[in-house]
Amino acid sequence: QVQLVESGGGLVQPGGSLRLSCAASGSIFAINAMGWYRQAPGKQRELVAVITSGGSTNYADFVKGRFTISRDNAKNTVYLQMNSLKPEDTAVYYCNAELVRPITLRALELWGQGTLVTVSS
């Protein structure tokens, strides 16, 4: 069984920082792109940032200059460093990854369970 497990959410004041982590575990041959999405109450899930296996990154306009996505391939882990947080960043943040299974080499898209980030004074 393969899974993504997130951690690092919580309550932070406006202007503060948080770091989210997402670790993939199980039988994995390789991991292609990894990313973070978020879903605020009453809104659709939206892309926050994505990073390829080679380290190329792409960000949503609303987080450029504030958030940084990175990954540690040895640990099968992706991170999201969030700085200068705003109340409008409040949402459940979901990790997403495309995993390649061993032997079959089939690609499998997985989602984490989500971690709540609340930005409030």
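The values are calculated or read from the model by the stated rules, or taken from the named source; none is laboratory data. Here the structure is a predicted model, which means the values were calculated and not measured. Reconstructed Cβ throughout: ideal geometry from the backbone, glycine too, with neighbour counts over all protein chains shown. Surface areas here come from the heavy atoms of the whole protein model, side chains and all, with no ligands, DNA or RNA. Shrake-Rupley method; radii C 1.70, N 1.55, O 1.52, S 1.80 Å.
What translational diffusion coefficient, to the nearest whole µm²/s, does region 79-121 have by Stokes-Einstein, given a Kirkwood radius computed over alpha-carbon pairs, a temperature of 4 °C and 1.567 mPa s viscosity? Don't skip to the end; give the middle numbers.
On the way: Rh = 12.7 Å.
The diffusion coefficient I find is 102 µm²/s.
Peptides 29-41, 5-17 ranked from most to least packed give 29-41, 5-17, packing being the mean of other C-beta atoms within 10 angstrom over each peptide's residues.
Considering only the Cα atoms of the chain, their convex hull presents on average a projected area of 7.2 nm².
I'd like the carbon and sulfur percentage of the solvent accessible area for the chain, probe radius 1.4 Å, heavy atoms only, ligands and nucleic acids excluded. Kindly include the intermediate steps, with their values, before the conclusion.
Values: 3110 of 6460 Å².
About 48 percent, which is the carbon plus sulfur part of the accessible surface.
How high is the relative contact order of region 1-94, given as a whole-number percent (alpha carbon pairs under 8 Å, six or more residues apart)? If you can, show how the numbers build up before the last one.
On the way: 172 pairs, mean separation 30.6, N = 94.
In percent, rounded to a whole number, it is 33.
Given R0 = 22 Å, the distance between the Cβ atoms of A107 and Q1 translates into a calculated FRET efficiency of 0.85.
Residues whose amide H lies under 5 Å from that of A30, counting only those 5 or more places away or on a different chain, are V100; hydrogens are built 1.01 Å from N in the peptide plane.
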